[in-house]
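The values are calculated or read from the model by the stated rules, or taken from the named source; none is laboratory data. Predicted model, so just to flag it, every value in this text is computed and none were measured. Backbone-built Cβ (ideal geometry, glycine too); neighbour counts: all protein chains shown.
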Amino acid sequence: MRILLTNDDGIQAPGLDTLRRALEEIAVVTVVAPDRERSATGHGITVDYPIRVAEYIFPDSPTQGWVIDGTPTDCVKLAVCALLEEPPDLVVSGINRGGNLGTDVLYSGTVSAAIEGIILGIPSIAVSLNSFDFQADYRYAASLTQRLCKEFKEWNLPPDAMLNVNVPAVPEAEIQGIQVTKLGIRRYEDVFQKRMDPRGRIYFWLAGNIVDNDEDQDTDVMFIKNNYVTITPVHFDLTNYQLLPDVKEKLKPILR
């Protein structure tokens, strides 16, 4: 099996390194990752300046590495279309520092990298640990991802779907189980902090506190609160199919 590994926390992130070591036990791994943190870049791609690429050496491993000054989506697109001799069997993005739950997937560079994989026709997984602690332990999340990768051929997922995996940041003994579930709703309050620089100019810093008040208990947002691993199939078709007939009916006078 050939796995393309990427992330949005940068090529030196501990989550990526822990996952790389686990995946090397079951596959030929190639790492293509950003040169620095690229969190919350969504599905952005670089179109207004050249993308710089350099080989990256892992001292303890023969794994081929590339570091680029682009986005996570750039990493996957560039790897598949230019750097690799043949497409990988699987794209894995992570392990992200911090959960990517509910509506977070619309902003997440981690999830967007996996979505780029399925846009290119390659099965993909995004993996996140629900903690922003720089000393977080990624070993269980890496082990779980290794198991998922071993079994991915049995998934029979449609080509336009990837798996979004979120792991609670608790000891393995406290994990209550694994739930395949839907995305929830995640909101933030006090999103912008107004500040002033030393020259008296006002600026804003994007921050905010998470407010998980989704009343639907059958979501990734709610299950992870109870220490369940959540796995959600995600695709990139944003069409609201339920509304199609109604919109067609209302727009009949102008449709041709």
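Which one of these is in contact (Cβ under 8 Å) with a residue 24 or more places away in the chain and of a type outside the set (Lys, Arg): PRO50, PRO88? Give the steps one after another, and end with the answer.
On the way: PRO50 fails: in contact (Cβ under 8 Å) with a residue 24 or more places away in the chain.
None of the other options fit; the residue is PRO88.
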Residue count for the stretch 211-256, restricted to those that are closer than 25 Å to VAL127 by Cα and part of a helix (DSSP H, G or I): 6
All positions within the stretch 225-253 that are loosely packed, with under 10 Cβ neighbours inside 10 Å, more than 30 Å from ASN166 (Cα to Cα) and either in contact (Cβ under 8 Å) with a residue 12 or more places away in the chain or charged (D, E, K, R) (or both): GLU249, LYS252
- prompt: How many residues are surrounded by 14 or more Cβ atoms within 10 Å (Cβ to Cβ) and among the basic types (Lys, Arg) when one looks only at the stretch 195-224?
  reply: 0
message: Among the residues of the stretch 200-228, what is the count of those that are within 30 Å of ALA173 (Cβ to Cβ) and modelled with pLDDT of 80 or more?
response: 12
message: Is it the case, given these coordinates, that ARG256 is surrounded by fewer than 10 Cβ atoms within 10 Å (Cβ to Cβ) and among the basic types (Lys, Arg)?
response: yes
statement: Residue hits (the stretch 32-82; farther than 21 Å from VAL105 by Cα, part of a strand (DSSP E or B), of a type in the set (Gly, Ala, Ser) and within 21 Å of the chain's Cα centre (by Cα)) are GLY65
query: Can you name the strands (runs of 3 or more DSSP E) wholly within the stretch 95-190 that have at least 2 residues being buried (at least 24 other Cβ atoms within 10 Å of the Cβ), under 12 Å from the mean Cα position of the chain (by Cα) and of a type in the set (Gly, Ala, Ser)?
result: 124-130
query: Does ALA22 count as in a helix (DSSP H, G or I), hydrophobic (A, V, I, L, M, F, W, C), under 23 Å from ALA142 (Cβ atoms) and in contact with a Ser or Thr (Cβ under 9 Å, 6 or more places away or on another chain)?
result: yes
- prompt: Just to be sure, is PRO87 in contact with a Leu (Cβ under 8 Å, 6 or more places away or on another chain) and not hydroxyl-bearing (Ser, Thr, Tyr)?
  reply: yes
